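Comments concern the structure below.
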Amino acid sequence: MLGLIAFGGPAAHVGILRDHLVVQRNWMDEDAFMELFAIGQGLPGPTSTQLVISTATAHAGPLAGIVAFVFWNLPGLVVLTVCGVLIAAFVDPNNPPWYLIGIPPAAISLVFKAFYSFAQSLDKLGVVLALLTCLAAIWIDGDMRVSRNASQYVYPTMLVLGGITTFIDSNRKNPLGIYKTPSAGWNSKNERTLKRIGIPMWVGAFILFLWAGILTLSIVLVKVVDVENVFLEIFEVMFRIGSLIFGGGQVVLPMMEDEVVPEWITKDQFLQGLGLAQSLPGPLFNFAAFIGAAYKGVPGALVSWVSYAYFHSFVGG
């Protein structure tokens, strides 16, 4: 159901997931949800999809995580793949039809609702750190003197600084923040949590090394050995982008544009696909399927989507 109604992009998705999983269905408590969200923000790749997988996996195991991933992405993936193949039927993003005009302001309200709810559970130090990070994000997005690619460095830097600040504060005699152990017990000694997740520690480590090995191998084959295969090229570009971008959502767009325009698709095609992706429910990274479809048809869409979405979502989730 959420794959069909989750409009608004990654930030709005967090609020939607919280309402459905924490408030309505009580799959986990607020602390566990926020911790999973924070971990996803600290990893490269699509944050909202990582949150979908991790919450479903924590609730009912690996199979649940796979099912949630597939149906969360399926509606947007199908539409964007079809439209990438039939590119002549695209809507001009500079002149959208009347029925799409209301989506952006509605999405803003969802974003505000989500993070207002988060802020209510923060202590004073958390609110200060949130405001400073917000100012940094606005500065990156609004200052023309700042490179479009600066976000991939500034976001993880803010995450590290926030972690260091809270670590130092937690060791003070009279800390500014309030520190407690989540009631769900996210630690290696909690048997109930580990049984529900169903993945031992060594499997998690294997998945991490598998990701690093595939990334290294694909770069070597394309950049060093110079293997000429268009689908390997698509895989390497999308896999590398997903591995380097922190923050998810719109953060990836400048780097993706630099890689695919004009070699794969034109600037107009890029903007048309982006406009359509933002008007659909589900994660924005389904846009990768459009790029692959516009470049090399349905096979290109599947390779592009799998390389960008699948591996990074499951490593993080």
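Laboratory data are not the source of any read-out in this text; all were calculated from the coordinates shown. Just so it is clear, the model here is predicted, and its values are computed rather than measured. Here the Cβ positions follow ideal geometry from the backbone for every residue, glycine too, while neighbour counts run over all protein chains shown.
Could you compute the FRET efficiency for V67 and D29, with r as their C-beta to C-beta distance and R0 at 22 Å, rounded to 0.05?
Efficiency for this residue pair is about 0.45.
Need one number: nm distance between label points at M201 and V78, each 7 Å from Cα along Cα→Cβ, rounded to one decimal.
Reported label-point gap for M201 and V78 is 4.3 nm.
Find the centroid of the Cα atoms in the range 223-245 and in the range 1-63, then give the distance between the two in whole Å.
So the two Cα centres are separated by 29 Å.
Show which aspartates and glutamates lie in cross-link reach of K173 when reach means a straight Cα distance below 18 angstrom and same-chain residues fewer than eight apart are skipped.
Within reach: D123.
Please compute the length gained on full extension between D169 and V230, using 0.36 nm multiplied by the number of residues separating them and subtracting their Cα-Cα distance.
Numbers: separation 61, 0.36 × 61 = 21.96 nm, distance 5.10 nm.
Length gained, D169 through V230: 16.9 nm.
Can you pull the one-decimal nm distance between simple spin-label points at W139 and A212, each 7 Å off the Cα toward Cβ?
3.2 nm
Return the FRET efficiency for the residue pair L86, K267: r is the Cβ-Cβ distance, R0 is 22 Å, and the value is rounded to the nearest 0.05.
0.70
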